[in-house]
1. Taking the condition open to solvent by 60 Å² or more (accessible area, probe 1.4 Å) and either assigned to a helix (DSSP H, G or I) or not polar (S, T, N, Q) (or both), does Val111 pass?
2. Which residue, of Val442, Val395, is on the phi < 0 side of the Ramachandran plot, of a type in the set (A, V, I, L, M, F, W, C) and part of a strand (DSSP E or B)?
3. Go over the candidates Val153, Val139 one by one and state the one that is surrounded by 22 or more Cβ atoms within 10 Å (Cβ to Cβ), in contact (Cβ under 8 Å) with a residue 60 or more places away in the chain and either over 24 Å from Gly244 (Cβ atoms) or away from ligand 2 (no atom under 16 Å from the Cβ) (or both).
4. Given the conditions (1) in a helix (DSSP H, G or I); (2) under 18 Å from the mean Cα position of the chain (by Cα); (3) modelled with pLDDT under 95, and given that Arg133 satisfies all but one, which numbered condition is not satisfied?
5. Any idea which residue in segment 92-125 is farthest from Ser164 (Cα to Cα), counting only those that are more than 10 Å from ligand 1 (Cβ to nearest atom) and β-branched (Val, Ile, Thr)?
6. Is segment 358-375 home to any residue that is within 17 Å of Gly296 (Cα to Cα) and open to solvent by 50 Å² or more (accessible area, probe 1.4 Å)?
7. Are any residues in segment 30-47 farther than 23 Å from Arg132 by Cβ and open to solvent by less than 40 Å² (accessible area, probe 1.4 Å), and if so, which ones?
8. Here's a check for you: in segment 86-108, which residue that is at pLDDT 95 or above and more than 15 Å from the chain's Cα centre (by Cα) is surrounded by the fewest Cβ atoms within 10 Å (Cβ to Cβ)?
Amino acid sequence: MNSDKPKKKLILERQKMSRQDPLLRSKNFKEVALGYTDEEAVVEAVRCIDCKKPLCIDGCPVEIDIPGFIRLIQQRDFLGSARKLKEKNSLPAICGRVCPQEDQCEKVCLVGRKGDPIAIGRLERFAADYERRIGNVEVPKLPAPSGKRVAVVGSGPAGLTIASDLAKMGHDVTIFEALHSIGGVLRYGIPEFRLPKAVLEAEVDYLRKLGVKIEKSFVVGRLRLLDEFLMDGFDAVFVGTGAGLPYFMGVPGENLNGVYSANEFLTRVNLMKAYLFPDYDTPVVVGKKVAVIGAGNTAMDAARCALRLGAESHIIYRRSREEAPARKEEVENAQEEGVQFHFLAAPVDVLGTPDGWVRALRLIRMELGEPDDSGRRRPVPVKGSETEFDVQTVVVAVGQGPNPLVPSTTEKLEVNKKGCIVADPATGETTKKGVFAGGDIVTGGATVILAMGAARKAARAIDKYLEGEFEGKYWSPTASSSSALEQ
Ligand SMILES: Cc1cc2nc3c(=O)[nH]c(=O)nc-3n(C[C@H](O)[C@H](O)[C@H](O)COP(=O)(O)OP(=O)(O)OC[C@H]3O[C@@H](n4cnc5c(N)ncnc54)[C@H](O)[C@@H]3O)c2cc1C
Ligand code: SF4
């Protein structure tokens with residue numbers, strides 16, 4: 001198709017996207033990035049040279065036809081472009097905002113070898129927003145019902161993706177979500193200024209239009225065991241319960257009042273709507289000065305929320321800026337807004353007032369040693385370099401692990417030593433017959449698009465399983481034993 005195309009001249013610079021002024025946005029929770037106008041989107045789309053071998057598609061875990069959707073923007077068929085995206089991705093407005101495109105599709109974009117890669121994420125966001133803006137959301141024609149029922153546990157990006165894929169295959173899908181709101185981290189973790197709740201709502205609404213049923217405030221492992229679903233008429237189960245269990249630093253004083261896990265802090269701000277103060281009077285204490293420990297996306301989100309709630313906001317990170325795991329764009333946004341960074345520093349103590357509230361952190365200076373297992377240089381404490389750093393609130397954002405509830409209440413569901421469910425990366429098959437898993441519960445904390453990619457693969461496998469055609473690694477549909485461990 002692309003062989004007869006005339007050669008295009010490379011346009012090396014990408015279109016800028018306007019953003020709220022840093023001074024203004026540091027005081028409100030409105031979205032920071034404002035998106036492309038129609039004209040900006042077309043100019044950016046024209047930069048795509050429609051490669052013969054589009055490496056960008058290989059860089060996308062959900063295999064979006066990237067040149068295809070960009071071509072439609074070039075032709076100003078914005079609705080067509082959104083629909084092309086939705087063939088592979090039910091959450092394009094979300095992915096266009098929060099995916100680490102710089103490490104995926106844009107990293108391998110050919111234009112990036114000579115200049116800026118095509119702004120694939122921004123174009124994805126543009127097309128999806130256009131469809132939502134004009135309210136012309138098309139629901140694909142669904143096949144005849146298969147008569148098979150699937151339970152999806154958890155409504156994060158993994159759960160949402162598999163639910164939509166399986167519904168489009170004609171299966172009867174019910175999502176069971178522990179919280180009173182749908183979306184997982186997209187709802188309770190990522191703040192309004194990066195991902196407006198209205199965008200998430202619209203994409204959840206699309207799922208409802210596909211016929212997916214949703215049971216909220218339903219804690220699987222408490223209200224009903226996973227095994228009971230299988231005995232109760234569900235033909236298969238997908239577990240997408242994420243990695244919502246916060247890690248702590250393990251230093252003295254961490255139990256003082258004023259120390260939050262990032263999870264709790266962000267949940268109070270996002271899910272319990274502290275960001276809508278004074279309309280919602282959510283208890284969240286920030287004091288004058290907040291220290292956020294860590295430098296991942298979670299840490300940036302917490303630090304930027306603290307700033308918007310009126311505090312002086314500091315990031316404390318034990319390595320250097322180069323090793324910070326957060327998206328570069330989000331580190332820059334935080335810095336522009338006034339978050340202060342302290343690299344090569346780590347807390348050794350949280351110090352308290354006599355009545356049990358945080359008053360300071362004792363920090364030690366670090367230097368970088370040899371690379372560790374992660375390939376990053378290991379931070380080494382410098383003896384005798386401790387200093388006190390006055391703060392009223394500490395938010396610990398040093399990582400999260402898988403929630404143990406479902407594995408611990410389900411027989412024969414194997415987990416690894418980190419507590420992640422053991423699942424075949426190609427299919428999501430677990431060691432328990434009829435149960436598939438994907439997303440952070442399998443990988444540990446990762447990314448939205450990787451969770452979606454895993455769910456996409458599991459959807460194909462479940463579909464085969466329901467048809468009796470699944471060839472498993474751990475079990476086969478006809479095996480009488482429920483676990484490979486017994487075979
Ligand atoms: C603050 C923060 C910011 C992030 N920013 C980014 C970013 O910018 N870009 C990016 O790509 N990734 C980001 N991530 C990572 C990304 O959000 C996750 O990798 C992704 O959400 C994982 O999806 P999931 O569906 O596996 O799990 P989750 O999104 O964690 O969803 C799991 C769901 O399962 C529910 N659940 C758990 N246990 C049960 C149970 N027993 N019964 C019923 N329901 C249950 C939970 O309530 C939750 O709704 C961020 C993560 C955090 C915490
Ligand atoms: S690699 Fe870049 S230039 Fe080539 S098709 Fe993909 S987006 Fe377009």
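1. Here the answer is no, as Val111 does not meet what is asked.
2. Val395
3. Testing whether each residue is surrounded by 22 or more Cβ atoms within 10 Å (Cβ to Cβ), in contact (Cβ under 8 Å) with a residue 60 or more places away in the chain and either over 24 Å from Gly244 (Cβ atoms) or away from ligand 2 (no atom under 16 Å from the Cβ) (or both) leaves just Val153.
4. (2)
5. Here the answer is Val111.
6. yes
7. Across segment 30-47, the qualifying residue is only Arg47.
8. Within segment 86-108, the match that is surrounded by the fewest Cβ atoms within 10 Å (Cβ to Cβ) is Lys107.
The values are calculated or read from the model by the stated rules, or taken from the named source; none is laboratory data. Just so it is clear, the structure is predicted and the values come from calculations on it, not from any experiment. Every residue, glycine among them, receives a Cβ derived from its backbone with ideal geometry; neighbour counts consider all protein chains shown. We work out accessible area using only protein heavy atoms, side chains counted, and drop any ligands, DNA or RNA first. Shrake-Rupley method; radii C 1.70, N 1.55, O 1.52, S 1.80 Å.
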